[in-house]
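FYI, it's all coordinate maths here, none of it is from the lab. Note that the structure is a prediction, hence the values are computed from the model and not measured. Here Cβ is always computed from backbone atoms with ideal geometry, including for glycine, and neighbour counts include all displayed protein chains.
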Amino acid sequence: MRVTILGGGSEIGASCVHIQLEETSIIIDAGMRMQGEDRLPMLGMLDELGRPDAVIVTHAHADHIGALPVVHALYPDVPVYSTAPTADLMQLMMKDSYKILSEQSQLTQSLMPYTEEQMNALLQHIRVFPAKGVLEIGTVKITAYRAGHIVGAVMFSIEGHGESILVTGDLSFRGGRTIPGAKVPEDLHPDVVVMESTYGNRMHTDRNTEEKRLAENVAETVENGGFALVPAFALGRAQEVLLILQDYMEKGLIPTFPIYVDGLVTPVSRIYRNYPHYLKGPVAHRIRNNGDAFLTEGRCTAVGPNDRKAVVNGKPSCIIASSGMLTGGASAWYAKHLVTDKKNAVYLTGYQDEESPGKKLLALAEGQEDTLNIDGTTYQVTCRVDKFGLSAHADASEMTRFIEALDPTYTLLVHGDEDARTSMRDKIHPRFHPLLVENGESYPFEKRKDGKGVAGKKYKRNREQERLRKHIGSVLLYKKEGKQAYKFGLCQNVHPKIATLFCETAKGKADKVEAGRVAETLGPWGLSIDAFAQMAENVLTFSRPYLNDINWDLIPDYTLSLQEIFERLQINDEARQFAVALALQSIPDDHRHMDREGRIGYKLDKDLRFRLSNLDLPIQAIKMNPNHAMDFVRSYFADNPRFLRCGIQNNGTQSEHILLSFDFPDSISDSERKYVTQVIKNRTGWEIAISDSVRHEAFQPLLAELLEKSVDMPSVHINESLVVTKEAKPENGQTVTDHFKKMTGFDLRFAEEPGAADGQDDKAERFEAEPGQEPMENNQAIEVAKQYARNYNVKIYKTSMKQANGQPLMVLHFISPEVAVRYQDMLRNLSDETGMTVQYAKQPKQNEIIRITREQVPQAWGMKGNPSVHMDKAEVSIKVAHEPADDAFTAVCSEIKRQTGYMLAR
């Protein structure tokens, strides 16, 4: 057997394969390149290859049929076979292609590749492949199998003389909305496979997500007064887009808007309508019941060249027009008229050739260009441009599994750019001998001596390489460097010689990972790449929710693999499996073991099971990102009028936590604190603390609200949890007091109530004069107090005279009660000399403490904002940009303590 690649080898376009099987020669496809001067395959090689016995066609796209008129002109008596839908589509596609080629030839003043007579001669001689799907040419049997991709697309199995080859054409295993996916026969094991590799370097995004995104974006553009142009391949892609948009409208998921269909889309859709038995059940059902599934009356309007101006001058709408790459036809006309208006949008849904306007439009969307050249004219593009993954080709994972199922001796990769084919080759197991073929090259295959199949190189198995290749398609947990965080990656490829794996991360980036950096293999991934990205991102952002309620006591005391742990824990949910794998990396190394095959085992003793149950291990992402956590806290307290703010704090006495500030923290009961702490811990992973700082200025408006009138600022006595107002007690005074206590946690005293005159606790320390001593006159006593302050070298900010139990009471206001207690001898002597009871005020002079602190803190420390006074702790705290040396801090702290009685904290 000999396979010769005439075109479409290291490219997408001009697909043409010549196969020689003993005395029988067959050509499969003869396509055309979409761009450039050299559009045809290397048909000149046919002179030495010999006359073909038949030409067979996989499907009706131009890159597979465009050069058939030339082949037929060379060999007019050689039969050309295709499926019935392909034959009908070729009648349409060839004529439209000829029209576009004529226009481009006139524009470039170049020769046509074939004449109209040659095209018509071909179309008149196309034969339909037998309905049973088997064709015999000489001693060779050709069997057609469904290939997905578009209606009528097939792959060909060719067998004869003990040898066999499968040529896939274009493959799609998912099919889409219109047609079923490729059929994979269980008993088909060809010697050689010639397979497309269009998307050999990528995995498709989730189809449902992309359909939803397309429908919503089109609807949004139209709703905002613009036109949404969808350049679509008339054959296959346009029908998919029509079904998507109409389905979303019928389900009420997007508003109804007009859809205009132009170019080849309309006649192609009519041909689809003639082959319901080739389509998916729901589409066939709609055709049988409604006569059409694509051009719904009243919603989709078919238009032509004479209608286009009216369309773009009419109401906002969606326009679906060929061609899909803007290389000509209706879509190019619409693009010229729409791309310069920012309200409009161009939504691309398929592969874009490197030289096509569509490819340049994508470059524009990425900010690489800002103009577009169509038919020789340059346009400034201001409209929106986006691309949607509705590919009708198999992706890398699907093609890899396809080759595994076929188990060929050789695999020839065609129909892909260099990156795609190279990536596909590296993904395919070496035992299938993947080859990157080139145009103009022949590949002979020697028949085995026993006459069964072709001879192949004996594959030498390498256990380490085999182990690494098993990672392809699996989710890996790895760490690039020692102190970096773990990542999840979906393994796309392996370079065995340098023991490197190529992964796609949760953020969609490519990552090279040394095999020794892989901490765990979670197993093959069967969902979409989007689902992997979302799941991995969720777990790496906050793993705690997935680890709650796991019964680790189900794990025995002996060593188990990760998969065995999943089974014991009865965890089938992928996200929880991700989280468990991540959690197990937090256990000590001596409880983790690796065997000779590289398999990892975990031994969880009773203590580790207990700690895992309580999430008491350094598990990655067990706490939410600080900013996300605080966003949750703010959202949680959004309706709480007492909540002020939150922040991250680590004061050295407590581990890093979220500090919550309320205007009246004393109003929060112990049970409320416990509940809030648990909720925030469960939802963010963070411990919380509640600041004891009280917002003094909040008392006045609250009191005014309760008394229903304007009031002066009351006196606030933090240490006594007491607020004293100058207002007289109203009739509903007790109710007001109860409400005040509930809302603030503070007692409220009105004027003339016991203890209200001085704002002191009745049990506060007082210095009593000798019994029977006559008290001095008030002014005289105040002067004596001032003299005492001078004598003792202490500042008294205020001396007030009050009444307590009918006797005079002198209250001295120091900078703080902590300073006052240093002068108890002075207060006792003052009491004896004046004959009065003497007491110091329990309220500190906060502004003075702040002033002194600001004066004492060196500018070099870079203090941020004002110091904060904490009366309950006799502490003043600061935040600084530059940490001071310990001895400098101690000196400043000592001086502030001397002057204010308060300790300095940071």
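Structure above, values below:
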| item | result |
| --- | --- |
| Contact order relative to length of the stretch 207-387, as percent, for alpha carbon pairs under 8 angstrom and 6 or more apart | 28 percent |
| Residue order, fewest to most surrounding Cβ atoms within 10 angstrom, among VAL230, VAL78 | VAL78, VAL230 |
| Calculated [θ] (222 nm, deg cm²/dmol) that DSSP helices of n ≥ 4 give over the chain, each run adding -39,500 (n - 2.57) | -9500 deg cm²/dmol |
| Net +/- balance of residues flanking GLY133 in space, Cβ distance below 13 Å, scoring K and R +1, D and E -1 | +3 |
| Hits among aspartates and glutamates - C-alpha to C-alpha of LYS509 under 14 Å, sequence gap 8 or more where chains match | ASP530, GLU537 |
| Average Cα contact separation per residue, the stretch 778-840, under 8 Å, 6 or more apart, as relative contact order % | 31 percent |
| Amide H within-cut-off set for GLY133, under 5 Å, with H built and near neighbours excluded | none |
| Helix 329-338 vs. the chain, principal-axis angle (Cα, 0 to 90°, nearest 10) | 30 degrees |
| Exposure proxy order (Cβ contacts within 10 Å, fewest to most) of ASP53, ASP375, ASP450 | ASP450, ASP375, ASP53 |
| Debye, to nearest 20: dipole size of the chain, +1 on Lys, Arg Cβ, -1 on Asp, Glu Cβ | 880 debye |
| Of LYS681/LYS864; LYS802/LYS842; LYS786/LYS897, those spanning more than 20 Å from alpha-carbon to alpha-carbon | LYS681/LYS864; LYS786/LYS897 |
| Which of LEU809, ILE896, GLN856, positive extreme of dipole for the stretch 798-906 (C-beta unit charges) | LEU809 |
| Modelled FRET efficiency - R0 45 Å, LEU527 with ILE100, Cβ distances, 0.05 increments | 0.65 |
| Listed peptides 608-616, 264-272 by packing density, highest first (mean Cβ within 10 Å) | 264-272, 608-616 |
| Computed over the chain: relative contact order in percent, which uses C-alpha pairs under 8 Å that are six or more apart | 7 percent |
| Extreme residue, positive dipole direction of the chain, given options LEU748, LEU243, PHE402 (C-beta unit charges) | PHE402 |
| Size of electric dipole in the stretch 780-906: Cβ of Lys, Arg +1 and of Asp, Glu -1, about Cα centre, debye, nearest 20 | 340 debye |
| Euclidean distance of C-alpha centroids, the stretch 389-430 and the stretch 860-890, integer Å | 65 Å |
| Neighbour-count order for THR900, THR541, THR377, THR409, fewest beta carbons within 10 angstrom listed first | THR377, THR541, THR409, THR900 |
| Dipole magnitude of the stretch 814-865 about its Cα centre (Cβ charges: Lys, Arg +1; Asp, Glu -1), debye to nearest 20 | 340 debye |
| Charge dipole of the chain about the Cα centre (unit charges at C-beta), most positive-ward option of HIS72, LEU390, LEU562 | HIS72 |
| Answer label, with mean projected area of the Cα convex hull in nm² calculated from the coordinates and candidates (1) 54.8; (2) 53.0; (3) 49.5 | (1) |
| Summed side-chain charge close to ASN866 - residues other than ASN866 whose Cβ falls under 11 Å, Lys, Arg +1, Asp, Glu -1 | +4 |
| Net charge of Cβ neighbours under 12 Å - reference THR221; Lys, Arg +1; Asp, Glu -1 | -2 |
